[in-house]
Each structure stands twice: as C-alpha cells, then as structure tokens.
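The structure appears below as structure tokens.
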Amino acid sequence: MTNWYALVWAVVVAGLGLLLLATPLSAQETDARLRGLVLTEGSGTPVEGAHIQLVELGDVVLREALSDDRGAFSLPLPPPGVYRLRVERIGYQSWASDTLHVAATSESRVLRFEVPVDPIPLPELSVSQQNTCPTTPEERRRAFALYESVLPALASSSSTADLGNLLVQAIRPIIVGKYDYWRRNGGRRFQQDTATVVVPGSLNVLSPSSEHLVAYGYAEVVQDTLTTFYAPTGDAMASPGFLATHCLRTIESDDDARVGLGFEPRPGRELVDVRGVLWIDSITEEPEEVDFQYTSLRPFLRRHLLPPLKADILYRILQGRYPETKFHAIELDESEFGGVLYFEHIPGDRWLIREWTIRSPILYYRTRSQLDRQTVWPFASPLTTSGAVLAIVPP
C-alpha cells in the first residue's frame, strides 16, 4: 500500500553556476526587457533549460525565465532598484550576480554569459548538455514560452506558512477480509480510511525535494515492502531538476479555452518517472490541472515488490505444499497508473493543489495448482488514494 500520511517538504535545489558582473540596467519603457545568452565557458555551447531568476534584496524572486535551446532568455525589467540575477540548473553549482542597479533613464542591455561548468555529483544522475528530446527547435521554443508563462504560479504553490496551516483530508483504501486471499485472487474489496489533519505551512504533501525526484525517481520503498509513489506538484515542475530530466511540448485542446504543456522523461531515464499534460487557461495563463502517468514501472515492481511475493509463495512450498513453482512475468498496463492534481488560486496571488487522486500499483497474483506444480501469474492493479484541502486555517 502507499504511505500517503508522510508529509514532506519540497525545495527547489541549486544548480548551474553563472558568474555575472554588476551592470546598470533600465526600466525606461514598460515593455523593456532584459535579454541574454547563457553559453558554456570555453566551448560556447548553448545551455538549455537554465532557470534564471531576478531577485530582490532579501532573496525575493521577482522575475523568472528559462533559457531555450539557443541559451537565450528574456525577462521583463522591474521598477528602478537594486537586484541580483541568479541562475540554477540541477546537477550544477548555483551562482548569483553582483548587485544590479536598475535605473529609469539608461537603456536595457543584451547580455552574454559564459557559464563555468562546476557539476555537483548526484546519485544516478547524468546531466548532458546535448539536447535529447525528440522535438524540433521551434517546438521547444513554443513549449518553453508556455512553461515560462505559468512558471510563477507553479513556483508559488510550495508553502502557505505566511497565510496559515492547511486542513487536509486524505483518503486511502483498506483491504477488507483476509489479505492473502484477496491478493491471491485479485480481489478489490476495499473500505475507505479517511483522516483529517492540519498540515503546518506546507502545501506539498505529495512529493519530496526536486533533488530526490531527480536522483531516485517518483517511487521508493520504505521498510522493505511499503511503497510511496509521488506526484509532479507545482513546485516540483518549477524546479531546474524537472527541466533537466523531462522534454516539453505544446498540446492543443478540443477547444480554445485551454492549452496543454506536455511533458515526458528524457530518453534513457530508467527510474520511475512521470509523463502527462499540465492544462493551462489560454486566456489567463493560469494552471488548471495536471494529468499524469507513471513510467518505467516494470523494473521497479520486479525489483521491489516481486521478491516478497515470491518469498511468501516459496514459504508455502517449503511447507511441502508444492515441490515446483513456475512464475510468469508481471502483467502490467502502465496507462492504469498515474493521477490528476487540481490547482486553485488563493489570496495573495498564490496557488495550491486543492484536490488530488493517485493510482499506484499493487501486486496481486493468480495461481493454478496441480499435484506437484504451482503456476503463478503476478499482475499489477491500481490502488487509488485521494485527498483535498478543506480550508486554510489562520495562524
């Protein structure tokens, strides 16, 4: 079963380093922009997917953008004042500029940045500067522009510590009757176990840190057999790690009311990951929902869930019931496993995930017994959990 009562905080981890010099900027016109190129030091290779932030003193992020496949980015200029530029990408050191003085009279500048490569070793993570996504440069540019438009809303959905606590209702299934009987016969006889808890200041009850997701994927095992499956929450999708491990593309909807930002793991990623669509209101550029499916489930199930199931069956054999047992491959349809998250706009121009439903895999098996042989067919079946934020409780 899935441990949906472990509440974890997600953080955006530091990444790619960028060395900048203090440069006078301007906000003479309302449509003035800060434009630049992020290139690899020495080789001049474009750095795609760098997370660029314009930060006020006090570490408050004011503007955000992503570098495209050419390493180019564009930020709206803020009001006159003193700022810093910060650039992050998963797997690399994070660097920030000296203070940037934005004036009201001087012209904005096009900047060129030579990025020193200073990687941070992460387990099971290989960061490549070559694009591996099966999309055209034009498709990637459209996807990055759409992603950039919704990035502030995604990034704001990580904490409500300044607004208060959250009253959260979580619902998970409990198997009724003898568990071994239902596991052997593929039964789905469940009751709902509902718990209502107050979560102090964190909106992210569905995923760990971005660094953890990049290094270990969207599923893990706790205490040998207890599995936890995570979801692509807003702050997870807003992290540099998500861009480092996923390909983006735009998806048209059946009507003009919304547009989809499709995402899928980059080729070669073998950990349990997610693919799906972030649906965005095409007028307001606000996130509506995330529909996703898990990928690369079979190796995870075979490595972590099949051994205890086999051990249970072989224990019966050691008791003398069947001298020979044959195991078939796990029957699995990945389209059955995933979920949906619903976003909601809250006071203070913030966002949270108001409701969610997750369908994670659990292993059942069917058997056919003869006098001296037992044949076992393991198969994965969805185990559905859900939850909702009932209210924001003032501190």
Selected residue (criterion: modelled with the lowest pLDDT) from residues of the range 27-59 that are open to solvent by 30 Å² or more (accessible area, probe 1.4 Å) and among the polar types (S, T, N, Q): Q28
The listed residue being assigned to a loop (DSSP other than H, G, I, E, B) and within 27 Å of Y147 (Cα to Cα), out of I353, I283, I358: I283
Residue count, the range 333-350 (criterion: surrounded by fewer than 22 Cβ atoms within 10 Å (Cβ to Cβ), part of a strand (DSSP E or B) and at pLDDT 90 or above): 3
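Please find, among V110, V127, the residue that is of a type in the set (A, V, I, L, M), open to solvent by 30 Å² or more (accessible area, probe 1.4 Å) and at pLDDT below 65.
V127
Would you point out the residue of the range 359-388, among those that are among the aliphatic types (A, V, I, L, M) and farther than 23 Å from P299 by Cα, that is least open to solvent (accessible area, probe 1.4 Å)?
The qualifying residue least open to solvent (accessible area, probe 1.4 Å) is A388.
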Only one of L271, L297, L301 that is at pLDDT 90 or above, touching a helix residue (DSSP H, G or I) at 6+ places or on another chain (Cβ under 8 Å) and open to solvent by less than 10 Å² (accessible area, probe 1.4 Å): L297
Long-range neighbours under 8 Å by Cβ, at least six apart or interchain, first residue modelled with pLDDT of 60 or more within the range 185-198, second in a loop (DSSP other than H, G, I, E, B) and among the hydroxyl-bearing types (S, T, Y): A195/Y5; V197/Y5
Where P134 falls short, out of the listed (1) at pLDDT below 70; (2) closer than 25 Å to R275 by Cα: (1)
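If you check S202 against the conditions, is it modelled with pLDDT under 70 and open to solvent by less than 30 Å² (accessible area, probe 1.4 Å)?
Considered against the rule, which asks whether it is modelled with pLDDT under 70 and open to solvent by less than 30 Å² (accessible area, probe 1.4 Å), S202 comes out as yes.
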The range 230-268 - residue that is over 23 Å from S156 (Cα atoms) and under 18 Å from the mean Cα position of the chain (by Cα) and, of those, least open to solvent (accessible area, probe 1.4 Å): P265
Qualifying residue in the range 321-332 (condition: open to solvent by less than 50 Å² (accessible area, probe 1.4 Å), in contact (Cβ under 8 Å) with a residue 12 or more places away in the chain, of a type in the set (K, R) and part of a strand (DSSP E or B)): no
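The values are calculated or read from the model by the stated rules, or taken from the named source; none is laboratory data. On a predicted model such as this, the values are computed, not experimentally measured, just so you know. Cβ coordinates were reconstructed from backbone atoms using ideal geometry, including for glycine residues, and neighbour counts include every protein chain displayed. Areas reflect the complete protein model, heavy atoms only, side chains present, ligands, DNA and RNA absent. Shrake-Rupley method; radii C 1.70, N 1.55, O 1.52, S 1.80 Å.
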